[in-house]
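The values are calculated or read from the model by the stated rules, or taken from the named source; none is laboratory data. On a predicted model such as this, the values are computed, not experimentally measured, just so you know. Cβ: placed from backbone, ideal geometry, glycine included. Neighbour counts: every protein chain shown. For accessibility, only protein heavy atoms count, side chains too; no ligands or nucleic acids. Shrake-Rupley method; radii C 1.70, N 1.55, O 1.52, S 1.80 Å.
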Amino acid sequence: MEDYKRDFIHFMVQSDVLKFGQFTLKSGRQSPFFMNAGAYVTGAQLHQLGRFYAQAIEKSFGLDFDVVFGPAYKGIPLSVVTCIALDELYGKEARYCSDRKEVKDHGADKGQLLGAELHDGDRVVIVEDVTTSGKSIDETYPKLKAAANVEVVGLMVSLNRMEVGRGGVKTAQEEIQDRYGFPVSSIVTMEEVTLALHNHEVDGRVVIDDATKAALDAYYEQYGVKA
């Protein structure tokens, strides 16, 4: 496992973003883990988060793109800190853009989008926290294409939950790739998280002990993609 991936896993735990226990998801599933990117709240955390996204994007998609797009609401700060980190790490100048939940009909910046204006031919990387069902991309992609004839280079999420998608056969990320034709990648997968944390300490405590590992195995037996 690459160092930045292991560092990101520890970063999620230390930031209290990735938790283990019993959680009811929006889908109704009872999950033994939960990730909340909204818990990144300090300047230091957001600065480091942008660097992790920038590194993962460079490794997965390269740097031949123009815009980093973050779907509202959590994607808005993600797109901003990623653009800052791209400049800081690689000298890459990218514009940030996000959508609004409601169309703004007054002032000088009317419309569905905020941030940079999209132009025909722009190459776009989308950033999200986590993709469970792909619903947000189903809402976001038409907005992008309606704004301009852009090309989506890829979607980067922080954590691939590796659960079966709405079709019941492939993961949500694989379903998005099939549906829209652009690659979907993640900084880390839950398989990598489990490998890095099982019976290993972070700041003096074991995050995934044998009992938690058993709960994760049972969850993926039910909701994981079958080989």
Please determine whether any residue of the stretch 188-209 is out of contact with any Phe, Trp or Tyr (no Cβ under 9 Å at 6 or more places or on another chain), within 14 Å of Glu163 (Cβ to Cβ) and aliphatic (A, V, I, L, M). no
Within the stretch 75-98, residues being at pLDDT below 95 and either among the hydrophobic types (A, V, I, L, M, F, W, C) or more than 16 Å from the chain's Cα centre (by Cα) (or both) number 1
Out of Glu221, Glu163, which single residue is over 23 Å from Lys59 (Cα atoms) and buried (at least 22 other Cβ atoms within 10 Å of the Cβ)? Glu163
The number of residues in the stretch 138-170 that are touching a Phe, Trp or Tyr at 6+ places or on another chain (Cβ under 7 Å) and among the β-branched types (Val, Ile, Thr) is 3
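In the list Gly154, Gly204, Gly115, Gly224, which residue meets the criterion of being of a type outside the set (A, V, I, L, M, F, W, C) and modelled with pLDDT of 95 or more? Before the answer, list the steps.
Working: Gly204 fails: modelled with pLDDT of 95 or more; Gly115 fails: modelled with pLDDT of 95 or more; Gly224 fails: modelled with pLDDT of 95 or more.
One residue alone meets the criteria, Gly154.
Looking at this structure, is Glu128 at pLDDT below 95, open to solvent by less than 60 Å² (accessible area, probe 1.4 Å) and within 15 Å of the chain's Cα centre (by Cα)? Steps first, answer last, please.
Working: at pLDDT below 95: yes; open to solvent by less than 60 Å² (accessible area, probe 1.4 Å): yes; within 15 Å of the chain's Cα centre (by Cα): yes.
Considered against the rule, which asks whether it is at pLDDT below 95, open to solvent by less than 60 Å² (accessible area, probe 1.4 Å) and within 15 Å of the chain's Cα centre (by Cα), Glu128 comes out as yes.
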Under 8 Å by Cβ, and 6 or more places apart or on different chains, what pairs join a residue from the stretch 136-158 that is more than 23 Å from Ala56 (Cβ to Cβ) with one that is among the acidic types (Asp, Glu) and surrounded by 15 or more Cβ atoms within 10 Å (Cβ to Cβ)? Lys143/Asp99; Ala148/Asp122
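Does at least one position in the stretch 163-175 carry a residue that is out of contact with any Ser or Thr (no Cβ under 7 Å at 6 or more places or on another chain), assigned to a strand (DSSP E or B) and in contact (Cβ under 8 Å) with a residue 60 or more places away in the chain? It would help to see each step written out before you state the result.
So in the stretch 163-175, the residues out of contact with any Ser or Thr (no Cβ under 7 Å at 6 or more places or on another chain) come out as 167-171, 174-175.
Still in the list and also assigned to a strand (DSSP E or B): 171.
Checking the rest, the ones that are also in contact (Cβ under 8 Å) with a residue 60 or more places away in the chain come to none.
No, there is no match, as no residue in the stretch 163-175 is out of contact with any Ser or Thr (no Cβ under 7 Å at 6 or more places or on another chain), assigned to a strand (DSSP E or B) and in contact (Cβ under 8 Å) with a residue 60 or more places away in the chain.
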Which numbered condition trips up Met12, out of (1) closer than 18 Å to Met156 by Cβ; (2) open to solvent by 80 Å² or more (accessible area, probe 1.4 Å); (3) not hydroxyl-bearing (Ser, Thr, Tyr)? (2)
Counting only residues that are free of Cβ contacts under 8 Å to residues at least 40 places away in the same chain and open to solvent by 50 Å² or more (accessible area, probe 1.4 Å), give me the strands (runs of 3 or more DSSP E) lying completely in the stretch 15-106 with at least 1 of them. 18-24, 30-35, 95-104
